[in-house]
Amino acid sequence: MIPAPATVHSAGIDPFLLTSRARIAGDPDAASVLTHLLDALLGETFPIADEGEIALTVDGTGAAESYRLSVDAAGVTVVGADSAGLFYGVQTLAQLVERTADGVRIPAVRIDDAPRFPYRGVMLDVARHCFDVPTVKAVIDRAALLKLNHLHLHLTDDQGWRLHLDSRPELTARGAGTAVGGDPGGFYTKDDYREIVAYAASRHITTVPEIDLPGHTHALGLAYPDVAHDPVVTPDVLAHGERAGEQPPRRGEPYEGTAVGFSSLRIHDDATYDLLRDVLGELAALTPGPYLHIGGDEAHGTDPADFAVFIERASAIVAEYGKTVVAWHEAGAAPGLARGSVGQYWGFVVPLDGMDAKARAFADGGARVILSPADAVYLDMKYDAETRIGLEWANGPTSVRRSYEWEPAEVIPGLPESAILGVEAPLWTETVRTLADIDELAFPRLASAAEAAWSPATGSSELRTWESFRERVAAQGELWTALGIAFHRSPEIPWPESR
Ligand code: TNX
């Protein structure tokens, strides 16, 4: 099972023989999720008889998102504290199904499970490459399997603006036509976005939209040049372009390269904030979840004092619309950041260059931090030097083992566990074009991030070891294959021989 449950007792009695698809009783939504998973896993070979029962219910007691699952020879019961808990119990149940020579069975167990952290996320960068709605839905399905409950959409960057907004139509008319490497651009209509948000919600996933500001805004500048500075083409940006064989950014032209930190909005012009009111207001109205992410990372083209002014004004606008700000940890250095804003830490597992202090600043302001340590959970890193796609800047390649062996409470010294909102694994897409690319980089490492977010702390459960995890990942291969997930068959994992 992945992520490892809080407590598992093997009952040591006979298993439940799964011979009845017809007798799934109780909550109809949960029943249809389970039926879908069993159909994928067992397909035509699934025997139909009429003994035993799988009962799926919500009883309103226990911690949010928790569930209890018990299996004996007579049947299976899954009781969720709420509908999310029941949904997670069903995911666990599907992971327990074993196909043996004697038929399909579910071992007798009793599981009491609840998440360690309330925020468990995956991020998809749809700006460097744009992914169609079915691909985003496929990512949502994958996240749900691992009990993740937030989908962070990185909607805008230098290379593209991917959400149509009626108040500022030029953003997509001029800012969405291209992607990295000359690949096609694209954008979501408001209906597309609503469809994504609703699909995610049906899997108990909250969408967190990001408009990356005040850097990462070259595409915005194509649409509204009055609010943007010319690209700041530093020697670093030039050298990056030369190494990568890319053209440097130029004012008025789409950017198809992969350098970062050269664009900035104008900080002291009211027109900038007029645009932000339109954009963030329309986005807030479209977004039922509590969060709007305003980026704030790598604003190397913005003077630090100006950056602080910008963060204060932009975060106040988000607050005006009744949303909670999320921002990358750099924004923690801005004294005027709206109180209660959530910080997202993307430094290393062992922090460098004061990045931990910036993350701690969010907690000092009474808010919490999402941990995305780049050298553990950045899904866009290569696994090893041979990986077909991916980057290497985060301490070199990230093996599955490295993605697993870190403990959230130990990353930011002095940050109490109560100040950790959760864990999120970002997938930046400079080198990622298709769902198969997404799968290759995300699986199995997204499972590591899910376990860090959901499962008990390292050291407080015998399941929270690399040895246990790699066995449990291996056991997921069959379900992942059945669901069409093109996971990386990492040699670090003892995959069973394919049947
Ligand atoms: C850093 S980490 C970025 C992104 C890049 C990514 C590539 C962070 C908040 N920003 O702009 O896409 O590295 O790994």
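See the values below:
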| read-out | value |
| --- | --- |
| Cβ crowding within 10 Å averaged over residues, with 155-165, 294-304, 394-404 ranked highest first | 155-165, 294-304, 394-404 |
| Diffusion coefficient, µm² s⁻¹, Stokes-Einstein with Kirkwood Rh over alpha-carbon pairs of the stretch 119-482 at 25 °C and 0.890 mPa s | 120 |
| Kirkwood hydrodynamic radius over Cα pairs of the stretch 218-317, then Stokes diffusion coefficient at 4 °C and 1.567 mPa s, in µm²/s | 88 |
| Reachable lysines from LYS137, criterion Cα separation under 23 angstrom, eight or more residues apart if same chain | LYS147, LYS190 |
| Dimensionless Rg over Rh [the stretch 264-385; C-alpha; Kirkwood] | 0.99 |
| The chain: relative contact order in percent, alpha carbon pairs under 8 Å with at least 6 residues between | 14 |
| Gyration tensor (alpha-carbon) shape descriptor, the stretch 98-251, a/c threshold 1.5 | prolate |
| The stretch 99-235 - charge dipole about Cα centre, Lys and Arg +1 at Cβ, Asp and Glu -1, debye rounded to 20 | 760 |
| Stretchable slack from TRP393 to THR234, in nm (0.36 nm times residue separation minus alpha-carbon distance) | 55.3 nm |
| 13 Å beta-carbon shell around GLY289, net charge (K/R +1, D/E -1) | +1 |
| Within-15-Å neighbourhood charge of GLY340 [Cβ basis; K, R +1; D, E -1] | 0 |
| Cβ-defined net charge surrounding VAL208, 11 Å radius [Lys, Arg +1; Asp, Glu -1] | -1 |
| Estimated [θ] at 222 nm from DSSP helical runs (n ≥ 4, -39500 (n - 2.57)) normalised by residues in the chain, nearest 500 | -10000 deg cm²/dmol |
| Inter-label distance, nm, simple model (7 Å from Cα along the C-beta direction), GLU405/ALA357 | 3.1 |
| Cβ-based exposure ranking for MET1, MET123, in which fewest neighbours within 10 Å come first | MET1, MET123 |
| DSSP beta bridge pairing in the chain, given as percent antiparallel to the nearest 5 | 35 |
| Order of THR429, THR178, THR57, THR217 - criterion: other Cβ atoms within 10 Å of each residue's Cβ, fewest first | THR57, THR178, THR429, THR217 |
| Degrees separating the helix 235-244 axis from the principal Cα axis of the chain, which is the longest one | 50 |
| Efficiency of FRET between ARG243 and ARG194 - r from beta-carbon atoms, R0 60 angstrom, step 0.05 | 0.90 |
| Amide H within-cut-off set for LEU163, under 5 Å, with H built and near neighbours excluded | TYR188 |
| In degrees, nearest ten, helix 466-482 long axis to first principal axis of the chain (Cα) | 90 |
| Between 0 and 90°, nearest 10: helix 133-145 axis offset from the chain longest Cα axis | 50 |
| Distance from the stretch 1-40 to the stretch 338-352 (C-alpha centre basis), Å | 38 |
| DSSP bridge pairs, the stretch 7-113: antiparallel proportion in percent, nearest 5 | 70 |
| Relative exposure of TRP466, TRP346, judged by other C-beta atoms within 10 Å (fewest first) | TRP466, TRP346 |
| Linear extension gain, SER461 paired with ASP112, 0.36 nm per residue minus alpha-carbon span | 124.3 nm |
| Potential lengthening between ARG250 and ALA173 on full extension [0.36 nm per residue; Cα-Cα distance subtracted] | 25.9 nm |
| The stretch 7-113: Rg to Rh, with Rh as the Kirkwood radius over Cα pairs | 0.95 |
| Phi to ³J(HN,Hα) by Karplus 6.51 cos²θ - 1.76 cosθ + 1.60 over the stretch 220-226, Hz, x for Gly, Pro | 4, x, 5, 7, 10, x, 5 |
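Each reported figure results from applying straightforward, stated rules to the coordinates on display, with no laboratory input. Treat the numbers as computed from the prediction; the structure is a model and nothing was measured. Here Cβ is always computed from backbone atoms with ideal geometry, including for glycine, and neighbour counts include all displayed protein chains.
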